[in-house]
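Quick notes on the structure that follows.
The values are calculated or read from the model by the stated rules, or taken from the named source; none is laboratory data. Treat the numbers as computed from the prediction; the structure is a model and nothing was measured. When we count neighbours, we look across all protein chains shown, and the Cβ atoms used for this are built from the backbone with ideal geometry, even at glycine. Surface accessibility is based on the protein's heavy atoms, side chains included, excluding ligands, DNA and RNA. Shrake-Rupley method; radii C 1.70, N 1.55, O 1.52, S 1.80 Å.
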Amino acid sequence: MREEFIEMLQRNSDHADAFQSEFDDVQDSQRPDVVTVCCSDSRVLQDHMWGNDEPGRTFTCGNIGNRVVQLTDAGRVVSGDVLYPVEHTGTETIVVVGHTGCGAVTATYDALTEGVSEPAGITHCIELLKPFLESGVERLPSDVDRTDAINRLVEYNVDRQVEFIEGSDDVPDDVDVIGVVYDFQDVYGGRRGDVHVINVNGETSVDALRTEYPEIDSRIERLWDY
């Protein structure tokens, strides 16, 4: 057994020591305030980014490309892992979390512009992202460099995921859907690890968002006003 996993078990022991009573109120049920959909990336620490160490508070989902879509016999629908807390635990806020330098967005960009060869499982994920990013790739300025293109498409992908949720009959109209980007690469000019709000219920105008939500004015920022 690799030493890395043994170390993980040791850290889990410390976690268990600290959390003996933390599950008392949620052992038999959960009513999380928020469901987050993050990109599966070792640099994106879903609970830590929000300072969350409270069981039952946040329903966390993760996949490459922070996708909210699932392909079923009925067509493309909001993924069950995202929909479950909305449908069954009364959760009224969905947060789609993209991140700078996203590998899934990069792979999809390359697939749309050059073609890529990946294992079937990764190809499936890329194919799910393609419809969301294709029009964004077409809108990119001709003089944009690769790094900037990817980070613009990160925002574009978050916007399209929010749009998909907003357009679903499975999600009640009173559910807030928020799109953010987690930055650990100094792209937005803030601190590494800051979350930047780019979309609230389909509104993407920075000026409009800052006017409506002055309490988070400093966190509202976009790279791309397409």
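Kindly indicate whether any position in region 20-34 is open to solvent by less than 40 Å² (accessible area, probe 1.4 Å), touching a residue at least 24 places away in the same chain (Cβ under 8 Å) and either in contact with a strand residue (DSSP E or B) (Cβ under 6 Å, 6 or more places away or on another chain) or more than 22 Å from residue 163 (Cα to Cα) (or both). Scanning region 20-34 turns up at least one residue that is open to solvent by less than 40 Å² (accessible area, probe 1.4 Å), touching a residue at least 24 places away in the same chain (Cβ under 8 Å) and either in contact with a strand residue (DSSP E or B) (Cβ under 6 Å, 6 or more places away or on another chain) or more than 22 Å from residue 163 (Cα to Cα) (or both). Residues considered: 108, 91. Of these, the only one that is in a loop (DSSP other than H, G, I, E, B) and within 17 Å of the chain's Cα centre (by Cα) is 91. The condition of being within 17 Å of the chain's Cα centre (by Cα), more than 22 Å from residue 202 (Cα to Cα) and of a type in the set (Gly, Ala, Ser) holds for only one of 80, 62, 103, 75, that being 103. Within region 60-83, being over 24 Å from residue 104 (Cα atoms) and not aliphatic (A, V, I, L, M) holds for one residue alone: 73. Screening residue 75 with (1) of a type in the set (Gly, Ala, Ser); (2) under 19 Å from residue 198 (Cβ atoms); (3) exposed (fewer than 14 other Cβ atoms within 10 Å of the Cβ) gives one miss only, at (2). Answer with yes or no whether residue 114 is under 30 Å from residue 24 (Cα atoms) and open to solvent by 10 Å² or more (accessible area, probe 1.4 Å). When the stated conditions are applied, residue 114 does not pass them. Of the candidates 128, 209, 153, the single residue that is among the hydrophobic types (A, V, I, L, M, F, W, C), open to solvent by less than 50 Å² (accessible area, probe 1.4 Å), in contact with a helix residue (DSSP H, G or I) (Cβ under 7 Å, 6 or more places away or on another chain) and part of a helix (DSSP H, G or I) is 153. Residue 9 fulfils the conditions (1) open to solvent by 80 Å² or more (accessible area, probe 1.4 Å); (2) assigned to a helix (DSSP H, G or I); (3) of a type in the set (A, V, I, L, M); (4) under 26 Å from residue 192 (Cβ atoms) except for a single criterion, (4). When you check residue 171 against the structure, is it closer than 17 Å to residue 82 by Cα, touching a strand residue (DSSP E or B) at 6+ places or on another chain (Cβ under 9 Å), open to solvent by less than 40 Å² (accessible area, probe 1.4 Å) and touching a residue at least 24 places away in the same chain (Cβ under 8 Å), yes or no? For residue 171, the condition - closer than 17 Å to residue 82 by Cα, touching a strand residue (DSSP E or B) at 6+ places or on another chain (Cβ under 9 Å), open to solvent by less than 40 Å² (accessible area, probe 1.4 Å) and touching a residue at least 24 places away in the same chain (Cβ under 8 Å) - is met.
Within region 196-212, residues that are under 25 Å from residue 185 (Cα atoms) have Cβ atoms under 8 Å from residues that are among the basic types (Lys, Arg) in these pairs: 196/219; 196/222; 197/219; 198/222; 204/222; 206/222, counting only partners at least 6 apart in sequence or on another chain. Of the residues making up region 183-226, those that are out of contact with any Ser or Thr (no Cβ under 9 Å at 6 or more places or on another chain), β-branched (Val, Ile, Thr) and under 17 Å from residue 44 (Cα atoms) number 2. Is it true that residue 98 is on the phi > 0 side of the Ramachandran plot, surrounded by 20 or more Cβ atoms within 10 Å (Cβ to Cβ), touching a residue at least 12 places away in the same chain (Cβ under 8 Å) and not hydrophobic (A, V, I, L, M, F, W, C)? No. If you go through region 174-186 and pick out every residue that is open to solvent by 50 Å² or more (accessible area, probe 1.4 Å) and not charged (D, E, K, R), you end up with 1.
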